[in-house]
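What follows is a short report on a single structure.
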Amino acid sequence: KTPPPVCGSTVQCGGEAYTGEVKLTEDLFCTDTETPPIGGDICDICAITLDGEDAELDCNEFMVHNSGAMVIGICLLNGARAKNCYVQKFLVGIYVQNGGEVNECEVMFNDVFGIQVQNEASSTTKMKISNTYIHDNSDRGFYFLGSGESPESSETSIEVNNVKSNHNVIGMSFAGDNVKLEVQVKDSETSNNSGSGIEIDSVFGVNISAAVDVELDGIISRYNGDHGLFVSPLIVGGEVKVKVKGDVNLYKNENSGFFVGDVDVVVERRGALNSCGNLASGSLDEDIRSDLATFSGNGYTCDSTSPNLSNIITCDPCPNCPQ
């Protein structure tokens, strides 16, 4: 039986995990200056922890705030959910392990990651994040790091819908070794990050094996300090596919709009991949930068600087991109 909701001032920083519904009626301030123990229980380093599919935190638009030594704001374990939260000034704002949901949250001013997602090896997990604003975190806004024994034994599905991840180092980063990863990003924006807007990356800069399927629909990635969309050439084992299902607009990034390695890129009939007005120079002066990618599909692909790539229309100016 699900426990009754826990409300108000009975919610304290730290302590045991909640397995039912929790609703805040005031801000939750963590002021303890004593450093949590290393290697202890995860509840010792989280302001509030929820565990299991019946667990849900409704912050009720109140703040979870750190001015002490607490490491993580909200920990979601094994399918737990959080909504209507403002989370700031932790090392990691929200940490998700083995699946969970984040909805209607603002995660900001954290010292490392805004939202960090991990899975255990040999597991099947689902993560959903929607209607959320992630900004001004000191490393990645959204960061998935997965590892497993093989892509067949470790499967992770991540759905991102109506999310803005701006003014971080990396807007959204998905990385894994020996995992099968399905990523859907819809109606979302990654802008004004000092690095790339969206990256599908290796783990710690080494060659990895992964099966990755990325679907993009309604994306804006602009004014980033590196690439608008980066797919690492270090994913050398497995198969990587990028499907453009709707408008994907990559423009005015400091490097290429779309940097892609040995990847199958499919622009579907309703899809439009527009990469234009990016500011790279020298050998990287291409809106779509790739020596190995294969482009296919019957959608529309526009690139104002790379006329030699097959199946790409050269158009200048690009549609749907501000000049």
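The values are calculated or read from the model by the stated rules, or taken from the named source; none is laboratory data. Bear in mind that the values here come from a model prediction, so they are computed numbers and not experimental data. Note that each Cβ is placed from the backbone with ideal geometry, even for glycine, and that neighbours are counted across all protein chains shown. In case anyone asks, the SASA skips ligands and DNA or RNA and just uses the protein heavy atoms, side chains included. Shrake-Rupley method; radii C 1.70, N 1.55, O 1.52, S 1.80 Å.
Under 12 Å from a point 7 Å along the Cα-to-Cβ line of Thr31: which residues of segment 58-91 have their amide N that close?
67-68
Using modelled backbone amide H atoms (1.01 Å from N, in-plane), which distant-in-sequence or interchain residues come within less than 5 Å of Ala69's amide H?
Answer set, sorted by chain and number: Asp32, Thr33, Glu34.
I'd like the accessible area for Lys128, computed on protein heavy atoms only with a 1.4 Å probe and all protein chains in place. Round to 10 Å², please.
90 Å²
Need the list of lysines near Lys186 for cross-linking: C-alpha distance under 23 angstrom, and skip anything on the same chain fewer than eight residues off.
Straight-distance partners of Lys186: Lys83, Lys126, Lys128, Lys164, Lys241, Lys243, Lys245, Lys252.
Given a cut-off of 17 Å, what percent of all Cα-Cα pairs of segment 66-139 lie beyond it?
40 percent
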